[in-house]
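Trainee: Sharing a structure below in structure tokens format, with a few things to ask.
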Amino acid sequence: MKTIYIMYCEDEGEYELWFDENKKLIGGYSCNDASWRDEYLGPIFKASGINVESLKYNKKLAKESRKKLWGF
């Protein structure tokens, strides 16, 4: 089973970032637009062979990812 990671951030607003197994950025979104709900979406990912795990907040990784996604 493949594992992907989600990191919740609230340093420049609330947003969530997604990473692959190598901590490479997949994407992200503002929590004003969406938010991860494991109880609803987890079974769909598991049925597809993907395990989703939380990643502890990392300020440097969040900043690099924000800059890459949104330019700030």
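Values in this text are rule-based calculations from the coordinates and carry no lab data. Not measured: the values here are computed from a predicted model. When we count neighbours, we look across all protein chains shown, and the Cβ atoms used for this are built from the backbone with ideal geometry, even at glycine.
Trainee: Which links in K2/K46; K2/K59; K2/K63; K24/K56; K24/K67 stretch past 20 Å when you go from one Cα to the other?
Mentor: Details: K2/K46 9 Å; K2/K59 25 Å; K2/K63 26 Å; K24/K56 15 Å; K24/K67 14 Å.
Over 20 Å apart, Cα to Cα: K2/K59; K2/K63.
Trainee: Could you tell me the relative contact order of the chain? Use alpha-carbon pairs under 8 Å, at least six residues apart, and round to a whole percent. Before the final figure, lay out the partial values.
Mentor: Details: 97 pairs, mean separation 25.1, N = 72.
In percent, rounded to a whole number, it is 35.
Trainee: Rounded to the nearest 20 debye, what is the charge dipole size of the chain about its Cα centre when +1 sits on each Lys and Arg Cβ and -1 on each Asp and Glu Cβ? It would help to have the intermediate numbers written out before the result.
Mentor: Values: 12 positive and 12 negative charges, 77 e Å.
So the dipole magnitude of the chain works out to roughly 380 debye.
Trainee: Between D33 and K60, what is the label-point separation in nm under the 7 Å Cα-to-beta-carbon projection?
Mentor: So the two model labels end up 2.8 nm from each other.
Trainee: Answer with one residue from A34, N58, A47: the one whose Cα lies farthest towards the positive end of the charge dipole of the chain, charges on Cβ with Lys, Arg +1 and Asp, Glu -1.
Mentor: Selected residue: N58.
Trainee: Starting from the Cα gyration tensor of the range 4-44, take the square roots of the eigenvalues, sort them a ≥ b ≥ c, and report rounded, prolate or oblate (rounded when a/c is under 1.5, otherwise prolate if a/b is larger than b/c, else oblate).
Mentor: On the way: a/c = 2.32, a/b = 1.09, b/c = 2.14.
Taking the square roots of the gyration eigenvalues as a ≥ b ≥ c, the range 4-44 is oblate.
Trainee: Here's something else I'd like to know. Specify which labelled value, from (1) 21, 14, 9; (2) 19, 14, 9; (3) 32, 13, 5, agrees with semi-axes √(5λ) of the Cα gyration tensor in Å derived from the coordinates of the model shown.
Mentor: Read-out taken from this structure: (1).
Trainee: Report for the chain the percent antiparallel among DSSP-assigned beta bridges with both residues inside it, nearest 5.
Mentor: On the way: 10 of 15 bridges.
Given both bridge residues lie in the chain, the antiparallel proportion sits at roughly 65 percent.
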